[in-house]
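Every number here is computed from the coordinates shown, using simple stated rules; none is lab data. Everything quoted here is computed from the prediction, not taken from an experiment. Every residue, glycine as well, gets a Cβ built from its backbone with ideal geometry; the counts of neighbours run over all protein chains shown.
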Amino acid sequence: MFSSVLDFLVVMLACALNERMQKKLDYTQAEVRVLKEVVETLTGNRRITFTDAQRRRLAILGKDLTPKERAETCEIVKPATVLAWFRKLVAQKYDGSGKRGPGRPRTVAETRKLVIEIARANPAWGYTKIRDALRGLRINVGRTAIADILKDAGLEPAPEREKMRTWKQFLRSHWDSLYACDFFSVETLGLFGPVRHMVFFVIEVRTRVVEIAGIRVDPDGAWMKQMARNLTDCFEGFLLNAKYLIHDRDPVFTEAFRATLKAGGVKSVLLPPRSTNLNAFAERFVLSIKSECLDRLIFFGEAQLQRAVTEYVLHYHGERNHQGLENRLISGQSPAANTDGEVRCRQRLGGLLGYYHREAA
């Protein structure tokens, strides 16, 4: 449970960071264009001279971009030039003509690979931290050698690597306490026509455990504040182990809702606008419950809807295999190893939901 809340909060925080990083990138590109114009004005020459180290860094970083990203980002040199530098860098890797003279041998390939892996997995680690970690493995490599290895690999020093932290790394570091929440709508038939009910749910991202927090026709600020109290209850709250809760910018997630969560030790992480893919685990649950259950039923009132949702959640947790969990059940059970027992089918909602299992031998 703690892990899911943390996962949810991490995704929300990551969305906000993504928006800020995009603004920083836009400013950096504009600043590069201005500096390029200043150089052309002062020197009267449109051609800018680069050192080999500068070409190496641009080539390695530019190779990882898509053609569209290179076309939008490369301001000082043409995208084709970046690729040409990278091909030359690869060719130099197999050119041994300059390595035949006397001198100190290079660090062995296995150690170089380990240094690069450690630096990429730990963006905040500097040369000294990496050196000390290697010494703990009985590998003696100096700070200067580590700096040269990272430079050859196109990796920046620790402060710059930390700024370039990826979304995947961010999620991994908060995976155990990330949760997400969202709404989905269901139409029921009332006395005066269709009535739209909003179902509010929370999901623990790491384990995929889902909690149906409430169902309401018109959720308002007071109702949402009560939901926050229920979720952070010190005895039975679903978010007891959470640090971050990811949600979108819908006005229903009011400031009072976020303040109540914060008082319970949970930080709200708002997704950037139009970025539902950053709340993919919640969206996946909505697709599952609608396609497998709700879209196949007609509901005459909220009570029937509540029963169907409850039955599906029980099926989702204890009877439905999940490919993202290596075909296990959310309850933790693995596919039955017994191959002799009689196959049985457990059904819910009149056979709409089915689960096949073998009886114990």
Enumerate the calculated ³J(HN,Hα) couplings along the stretch 345-355 in order (Karplus 6.51 cos²θ - 1.76 cosθ + 1.60, θ = phi - 60°), each rounded to whole Hz, writing x wherever the residue is Gly or Pro.
10, 9, 10, 9, 6, x, x, 5, 10, x, 9
Figure the gain on full extension for Trp223 and Glu342 (residue separation times 0.36 nm, minus the Cα-Cα span) and round it to one decimal in nm.
38.0 nm
In whole Hz, the Karplus estimates of ³J(HN,Hα) for the stretch 186-194 (6.51, -1.76, 1.60; θ = phi - 60°; x where Gly or Pro) are 9, 8, 10, 9, x, 5, 10, x, x
So, relative contact order of the stretch 216-361 in percent, Cα under 8 Å, 6 or more apart, is 13 percent
Neighbour counts of other C-beta atoms within 10 Å: give me Cys293, Cys234 arranged from fewest to most.
Cys234, Cys293
Note down the nm distance, to one decimal, between modelled labels 7 Å out along Cα→Cβ at Arg143 and at Glu326.
4.2 nm
Sorted from fewest to most neighbouring beta carbons within 10 Å, what does the list Thr81, Thr207 look like?
Thr81, Thr207
One finds, for Ala121 and Thr254 with R0 = 35 angstrom and r their Cβ-Cβ distance, a FRET efficiency to the nearest 0.05 of 0.35
If you take all C-alpha pairs in the stretch 198-347, what percent of them are over 18 Å apart?
64 percent
Please turn the phi angles of the stretch 220-235 into ³J(HN,Hα) values with the Karplus equation 6.51 cos²θ - 1.76 cosθ + 1.60 (θ = phi - 60°), one per residue in order, whole Hz, x for glycine and proline.
10, x, 5, 5, 5, 5, 5, 4, 5, 4, 4, 5, 9, 4, 5, 10
For Arg56, Arg284, ascending order of other Cβ atoms within 10 Å (fewest first) is Arg284, Arg56
Give me, ordered by chain and number, the residues 5 or more places off Tyr244 or on other chains with an amide H under 5 Å from its own placed amide H.
Leu6, Leu9, Val10, Tyr179, Lys267
Amide H partners (placed H, <5 Å) of Leu353, local residues excluded:
Arg348
